[in-house]
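One structure below.
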Amino acid sequence: MKILIVEDEAEIVRFLTLELQHEGYFVSSCMDGRTGLEKALSGDFDLLLLDVMLPELNGMEVLRRLRKESAVPVILVTARDAVMEKVNGLDMGANDYITKPFHIEELLARIRMVLRTTETASSASPEGNLSVGDLVLTTSSRQVTRAGEMIELTKTQYDLLEYLLRNRDIVLTRDQILSHVWGYAYAGNSNVVDVYVRYVRNRIHDSDESRIIETVRGIGYVLRDKTRKE
Ligand code: CA
């Protein structure tokens, strides 16, 4: 996997390069938006870490131009409290964002999740089925069955379940779930996530002994595929 870092702070570039190489990624970097866009359009990269505040072309403009020609996954690196940047970034097709200063573990988790989500999307079976154990989602018709029995879900319940399933074994924060399922307008109101997880658990009969949607205290939720062997 090749990652392009577009970031104008040399210290951050150095740190990220070392950390990402340590994780086994191939890393390339550049320090202004114009070069970043050029490199990103080369098609040589699997993911971009794109800083917003950049010389030449800012990150938003890089993203806007990039999206006209390329669907390469992008994680935006935004300044603290730059709410509009996040909103605009997601609108413009960023796959995720992370706020400075961030912990490297959080960034690594987001990179894995974005790579996994885009991989799943591109390798989905023609019928578009997603499954864990005896739970099956037919994404084309948004139908859900468990052990062959049809389960009725509302649109939001379905979106939540599909999002968890597409990111199986990855811990998702309440904020991530909110912004992907409800949109950023709900930011800060993460109780709604807990309420809907409860609905979904009830609907899919996710009982204590064999629970697939696990609560990660203080963070969020993860859907675990306990039947799958790796
Ligand atoms: Ca910067």
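Based on the mean of other beta carbon atoms within 10 Å per residue, what is the order of 130-137, 208-215, most packed first?
Result, highest mean first: 130-137, 208-215.
How large is log10 of I(q)/I(0) for segment 129-223 at q = 0.12, 0.13 Å⁻¹ when the intensity is taken from the Debye formula with one equal scatterer per alpha-carbon?
Calculated log10 I(q)/I(0) at the listed q: -0.34, -0.40.
Determine, for each peptide in 16-25, 106-115, 47-56, the mean count of other beta carbons within 10 angstrom over its residues, then list the peptides with the highest first.
Taking the mean over residues of other Cβ atoms within 10 Å, the ranking is 47-56, 106-115, 16-25.
How many angstrom lie between the Cα centre of segment 201-216 and the Cα centre of segment 46-99?
Taking the Cα centre of each part, segment 201-216 and segment 46-99 sit 35 Å apart.
Restricting to Cα pairs below 8 Å that are 6+ residues apart, what does the relative contact order work out to for segment 128-222? Please round to a whole percent. Could you put the intermediate results ahead of the total?
On the way: 106 pairs, mean separation 22.4, N = 95.
Reported relative contact order: 24 percent.
Helix 155-166 versus the longest principal axis of the chain: what angle, 0 to 90°, nearest 10, using Cα atoms?
70 degrees
Report Rg/Rh for the chain, rounded to two decimals, where Rg is the Cα radius of gyration and Rh the Kirkwood radius.
My calculation of the ratio gives 0.99.
Is the C-alpha gyration tensor of segment 2-123 telling us rounded, prolate or oblate? Criteria: a/c under 1.5 is rounded; beyond that, a/b larger than b/c is prolate, otherwise oblate. Mind showing how you got there, number by number?
Working: a/c = 1.15, a/b = 1.03, b/c = 1.12.
Since a/c stays below 1.5, the shape of segment 2-123 is classed as rounded.
Every read-out reported here was derived from the displayed coordinates using simple, explicitly stated rules and does not represent laboratory data. This is a predicted model, so every value here is computed, not measured. Heads up, the Cβs are rebuilt from the backbone with ideal geometry, glycines too, and the neighbour counts pull from every protein chain shown.
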